[in-house]
Amino acid sequence: MPGAGAAPPILDFSAFYSGDAAAKQKLVEDVRNCCLHNGFFQITGHAVPLELQQRIMGWNKKFFDLPLEQKMKINKDTSNTWNRGYELFKSQMLEEGTLPELKEGFYIGDEIPKTHPYFINKKLNSGPNMWPSLEHMPDVEDFKATALDYYHRVVDLAKDILKVLALTLDLEENWFHAFTEDAVATMRLLHYPSQPADSPAKLTRGIGAHTDFGTITLLLQDKVAGLQVYDNATKEWLDVRPTPGAFVVNLGNLMMRWSNDKYISNVHRVINVSGQERYSIPVFFSGNPDFVVECLPNCRKEGEEAKYGRITVEQAVLGGYADSYGRAEKFKKDAAEKAKQAGGVPAAKEVAVA
Ligand SMILES: O=C(O)CCC(=O)C(=O)O
Ligand SMILES: [Fe+2]
């Protein structure tokens, strides 16, 4: 059971599929305790094949091995407005006071054609993916097929996890059904270069301390450690150990708000001082963008007011993005301004690029 100073437990999710009522009940209780404690757990025994996880991890590395100018051709900031494609090193800064983050990313989502109502109505992160060209990646069709297969299976798993979450709140298993229909989710391939050992003190981060903006996140890590969860009780950072085949599951801000802060969207970060390159793949499950979220049943006492008003999924997620990217942009502008005042060239190349 999670307690002060305990790393997120590894739960066997096969109990959900097994038909063994006692095992399923135990899973529900374990998940509930994690949600109340720090909103993090790992799961094994799910239906996403290990072999598929390994193939998408292989593509993760292959993608980032492309030369920078090829990745920049599908830069998410310049090639589209629906949040797909390549994200340059140091684009994000989630933790106030730290330096822009030492990670690069590649955003993928469901393949939404330009004729789809979500694209036409500019719904949250909805549109065609941005793939490398055939010229730069001759087997890009395999990359696409693997990424989309992986995406859909993880989204299905997210829906099963939401069934368990409904049970943790004593709701009917399909309570989240309307919310999960036509849901938006975003997956990002991430690459963290190895950082110097003094990174924690020097305030350089792979990804700064943050909470996720969506409903739930399902993260695949490779073998290289670096992810840490903040333990509110002991005020220490706990390592989330890479576990073969496991997904790290954590609740995002939308779920915390929806549950009236009963369930926790917890602070986490990555600092990669392993001496090796690190790769990971989070899938952020947002939900149906038009779904209106307001305090879940069984999350407040009789007569108690809900802490938050109604909000659509789309509004809630977009609010979180604006904060984190705005911070990185401001930092870069300030750095460029400082360099100009000092009469020098901007210190870092990315100041000009971003
Ligand atoms: O790469 C990881 O292990 C964590 C990534 C993460 O927290 C995020 O992308 O929000
Ligand atoms: Fe995160």
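Computed about its Cα centre, the charge dipole of the chain is approximately 920 debye, with only Lys, Arg, Asp and Glu carrying charge at their Cβ. Using the average count of surrounding beta-carbon atoms within 10 Å as a protection proxy, the listed peptides 247-260, 172-185 rank, highest first, as 247-260, 172-185. Measuring r between the beta carbons of Glu337 and Ala201 and using R0 = 25 Å, the FRET efficiency lands at 0.40.
In straight-distance terms, cross-link reach from Lys62 covers every one of the aspartates and glutamates whose alpha-carbon lies under 20 Å from its own, apart from those fewer than eight places away in the same chain; here that gives Glu51, Glu87, Glu104, Glu135, Asp139, Glu141, Asp142, Asp149, Asp222, Glu277. Pairs with C-alpha atoms separated by more than 27 Å, drawn from the list Lys123/Lys159; Lys123/Lys144; Lys235/Lys301; Lys61/Lys333; Lys123/Lys333; Lys71/Lys223, are Lys235/Lys301; Lys61/Lys333; Lys123/Lys333.
Separation of the stretch 223-240 from the stretch 260-274 is 8 Å, based on Cα centroids.
Please label the shape of the stretch 94-228 as rounded, prolate or oblate, based on the square roots a ≥ b ≥ c of the eigenvalues of the alpha-carbon gyration tensor (a/c under 1.5 means rounded; beyond that, a/b larger than b/c means prolate, else oblate). Because a/c hits 1.5 or more and a/b fails to exceed b/c, the stretch 94-228 counts as oblate. Relative protection proxy for 301-313, 125-137, from highest mean packing down: 125-137, 301-313 (other beta-carbon atoms within 10 angstrom). Based on DSSP H segments of at least four residues, each scored -39500 (n - 2.57), the chain has a per-residue ellipticity at 222 nm of -10500 deg cm²/dmol.
Neighbour counts of other Cβ atoms within 10 Å put Glu96, Glu314, Glu29 in the fewest-to-most order Glu96, Glu29, Glu314. Oblate is the label for the stretch 252-301. Its Cα gyration tensor axes, ordered a ≥ b ≥ c, give a/c of at least 1.5 and b/c at or above a/b. A simple spin-label model places the labels of Glu302 and Lys122 4.8 nm from each other, with each point 7 Å out along Cα-to-Cβ. The length gained by stretching the chain between Ser133 and Asn232 to full extension, at 0.36 nm per residue less their Cα-Cα distance, is 31.1 nm.
Amide H contacts of Ser274 (H built 1.01 Å from N, in plane; Pro and chain starts excluded): Gln195 sit under 5 Å, all sequence-distant by 5 or more or on other chains. Look at where the Cα atoms of the stretch 27-63 and of the stretch 279-303 average out, and the two centres are 19 Å apart. Each of Leu50, Pro196, Trp237 was scored by the projection of its Cα onto the charge dipole of the chain, and the greatest displacement toward the positive side belongs to Pro196; charges sit on the C-beta of Lys, Arg, Asp and Glu.
Sequence-ordered 3J(HN,Hα) estimates for the stretch 116-126 from the Karplus curve with 6.51, -1.76 and 1.60 and θ = phi - 60° stand at 6, x, 5, 6, 4, 8, 6, 6, 2, 6, 10 Hz, glycine and proline given as x. Packing here is the average count of other Cβ atoms within 10 Å per residue, and on that basis the peptides 208-218, 51-61, highest first, run 208-218, 51-61.
Coordinate-derived values only; no laboratory data. Since this is a predicted model, take the numbers as computed values, not measurements. When we count neighbours, we look across all protein chains shown, and the Cβ atoms used for this are built from the backbone with ideal geometry, even at glycine.
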